[in-house]
Amino acid sequence: AQTVTQSQPEMSVQEAETVTLSCTYDTSESDYYLFWYKQPPSRQMILVIRQEAYKQQNATENRFSVNFQKAAKSFSLKISDSQLGDAAMYFCAYRSFFSGYALNFGKGTSLLVTP
Amino acid sequence: SAVISQKPSRDICQRGTSLTIQCQVDSQVTMMFWYRQQPGQSLTLIATANQGSEATYESGFVIDKFPISRPNLTFSTLTVSNMSPEDSSIYLCSVETQAEKLFFGSGTQLSVL
């Protein structure tokens, strides 16, 4: 089974600054999807960004971008111009392209944004 | 995107009872999923709810404990049966859109006394 590792249980960033959340994964597959989800205290899981492994170009959504390094099996999330509303748990997730539909989640990184 | 309505948002239940959680989507979707998030933990897939057939359960989850219904392409229910305190978790419904994006409901916070 694929494993997803988020090595930073907690991170802190000042408002308007940039922060990078790390994620590595283990797989023998060549095609797959990677996701970052945000979970604020409301419990809602919010899709932040999605990356297909066959695409070399890094996905970007407004202030959120990823650094996808397929050979290194690394998928970090960069949040630019951090806002107070970005404070949440961030989960990295892997999904196989061919075998099954489960999202394999990392343990999450708690992001604190300070004024 | 997809708008997902999940009910109830939270409940406190007695040991040995059952709770049914509903998930309603604003559009037809092929794939619906149920996840569990134990306190302070990440999410774990319970099962895939298939329309017109039995749900597909992940290892460690069984139909007798977590029966699932999927009567149409916009609705599913998950029942947590014969509850014990270990079932206290957040239960989340998820759907996959045609754009292959996965969206989640707001979750059901279940506490079992």
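Please work out if residue A:76 is part of a strand (DSSP E or B), within 14 Å of another protein chain (Cβ to nearest Cβ) and over 17 Å from residue B:32 (Cα atoms). Spelling it out, it is not the case that residue A:76 is part of a strand (DSSP E or B), within 14 Å of another protein chain (Cβ to nearest Cβ) and over 17 Å from residue B:32 (Cα atoms).
Scanning region A:100-115 for residues that are within 17 Å of residue A:50 (Cβ to Cβ), touching a residue at least 12 places away in the same chain (Cβ under 8 Å) and within 8 Å of chain B (Cβ to nearest Cβ) yields a total of 3. In region B:14-27, the residues that are free of Cβ contacts under 8 Å to residues at least 60 places away in the same chain reach residues that are hydrophobic (A, V, I, L, M, F, W, C) and exposed (fewer than 12 other Cβ atoms within 10 Å of the Cβ) with C-beta atoms within less than 6 angstrom, at least six apart or across chains, in these pairs: B:26/B:3.
For (1) within 25 Å of residue B:107 (Cα to Cα); (2) among the small types (Gly, Ala, Ser), each residue gets a yes or a no:
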position	(1), (2)
A:10	yes, no
A:19	no, no
A:24	no, no
A:28	no, yes
A:33	yes, no
A:38	yes, no
A:58	no, no
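If the condition is being surrounded by 12 or more Cβ atoms within 10 Å (Cβ to Cβ) and among the polar types (S, T, N, Q), then region A:15-45 contributes A:18, A:20, A:22, A:24, A:27, A:39, A:44. Candidates B:56, B:79: the one that is open to solvent by 50 Å² or more (accessible area, probe 1.4 Å), touching a Ser or Thr at 6+ places or on another chain (Cβ under 8 Å) and not acidic (Asp, Glu) is B:56.
If you take the residues of region A:56-99 that are of a type in the set (Lys, Arg) and without any contact (Cβ under 8 Å) to a residue 40 or more places away in the chain, which of them is least open to solvent (accessible area, probe 1.4 Å)? So the residue we want is A:63. If the condition is being in a loop (DSSP other than H, G, I, E, B) and hydrophobic (A, V, I, L, M, F, W, C), then region A:12-64 contributes A:16, A:23, A:45, A:53, A:59. Applying a threshold of 6 Å to beta carbon distances and a minimum spacing of six or more residues, or different chains, the list of pairs starting in region A:7-34 at a residue that is closer than 30 Å to residue A:98 by Cβ and away from every other protein chain (no Cβ under 14 Å) and ending at one that is basic (Lys, Arg) and open to solvent by less than 80 Å² (accessible area, probe 1.4 Å) reads A:24/A:73. Note on region B:89-113: among residues that are open to solvent by less than 10 Å² (accessible area, probe 1.4 Å) and assigned to a loop (DSSP other than H, G, I, E, B), the one that is nearest to the other protein chains (Cβ to nearest Cβ) is B:107.
The values are calculated or read from the model by the stated rules, or taken from the named source; none is laboratory data. This is a predicted model, so every value here is computed, not measured. All Cβ positions, glycine included, derive from the backbone under ideal geometry; neighbour counts span all protein chains shown. Each accessible area value is taken on the protein alone, full model and side chains, heavy atoms only, with ligands, DNA and RNA left out. Shrake-Rupley method; radii C 1.70, N 1.55, O 1.52, S 1.80 Å.
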